[in-house]
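**Student:** First, the structure itself, so that you have it in front of you.
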């Protein structure tokens, strides 16, 4: 079970990051070209939101099953253990909170520019945070 969840978490990450990049790029293009915020733009942002939330849920399950997660939480002097047991989960939770805030702010915005701006800023910050805490040595 653990290996399946680990592989799913790693594989889903590719999809979640890809859709998140597409949402960020789409929002920057929409804002800079001053186009109207359409249902397609909303769906792209929604798929990125759903993809990152699924990744979070699978990651939380993996955190408590993994020998590199909660089990090694007290060993902060080891850089690899600190990354997998503290930095990666904490920073990614913050990133997904930012993405969720961006989604909520875009729903309250009344203009297309404000909708694109909230998605660009909050999803972009979330993407940067996610990319900064990926355990690259374990991922490839």
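Nothing in this text is a laboratory measurement; each read-out follows from the coordinates by a stated rule. All figures in this text were calculated on a predicted structure; none of them were measured in a lab. Here the Cβ is made from the backbone with ideal geometry for all residues, glycine too, and neighbour counts use every protein chain on show.
**Student:** How tilted is helix 39-65 with respect to the longest principal axis of the chain? Cα atoms for both, answer in degrees (0 to 90, nearest 10).
**Tutor:** Roughly 10 degrees, rounded to the nearest 10.
**Student:** Under the rule of -39500 (n - 2.57) per DSSP H run of 4 or more residues, summed and divided by the residues of the chain, what mean residue ellipticity at 222 nm is obtained, to the nearest 500 deg cm²/dmol?
**Tutor:** Taken over the chain, the calculation gives -26500 deg cm²/dmol.
**Student:** Ok, one more. Hey, rough spin-label estimate for residue 87 and residue 29, points 7 angstrom out along Cα→Cβ, what's it come to in nanometres?
**Tutor:** It works out to 3.4 nm between the two label points.
**Student:** On to the next question. Mean separation of Cα pairs under 8 Å and 6+ residues apart, divided by the residue count of the chain: what relative contact order is that in percent?
**Tutor:** Value for the chain: 31 percent.
**Student:** Roughly how tilted is helix 112-132, in degrees to the nearest 10 and between 0 and 90, from the longest Cα axis of the chain?
**Tutor:** Its long axis makes an angle of about 20 degrees.
**Student:** Quick one: angle between helix 2-33 and the longest Cα principal axis of the chain, in degrees between 0 and 90, rounded to 10, please.
**Tutor:** Tilt relative to the chain: about 20 degrees.
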